[in-house]
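The structure under discussion appears below in the form of structure tokens.
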Amino acid sequence: MQTDETDETPIIRAAQRGDIAAFTQLVERHHRSVRGCLAVRMNSAHDAEDLAQEVLLVAFKKLPGIDATLPLGPWLRGIAMHLLANYRRKFRAIPIGLNDDL
């Protein structure tokens, strides 16, 4: 679903002022694309959903500091990519030994 980013400016500004209903509206607009962005890069749909929720928590905390006139979608996907990189570092396979050791 494409959103008109200029339409979002008043919603973002309201959310920045602490309007939870406005933030909820932003979540409804962007949750699906954030989750999809992560789902195609992860093996588990459940992990993608968990990480998408974390993206929205980070966004909620950082929302007051962003420029409300810029598109929100790319910013959210940027957060998603940073969290995904952290997730991959945390859960990467650690080799036990060389083939000769096995």
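For the stretch 31-75, the Cα-based Rg and Dmax, in that order, read 11.5, 35 Å.
For the chain, taking the reciprocal of the average inverse distance between every pair of different Cα atoms yields a Kirkwood hydrodynamic radius of 14.9 Å.
Simple point charges give the picture: +1 on the Cβ of Lys and Arg, -1 on the Cβ of Asp and Glu, and for the chain a dipole about the Cα centre of about 200 debye. With contributions of -39500 (n - 2.57) from each DSSP H run of at least four residues, the per-residue ellipticity at 222 nm computed over the chain stands at -22500 deg cm²/dmol. A crude spin-label estimate for the pair Asp47 and His82, with each label 7 Å from Cα along the Cβ direction, gives 2.1 nm.
Per residue, the average separation of C-alpha pairs within less than 8 Å and at least 6 apart gives the chain a relative contact order of 30 percent.
Any read-out appearing in this document is the output of simple, stated calculations on the displayed coordinates, not a laboratory observation. All of these numbers come straight from a predicted model, not from anything done at the bench. FYI the Cβ positions are ideal-geometry reconstructions off the backbone, even for glycines, and counts take in every protein chain you see.
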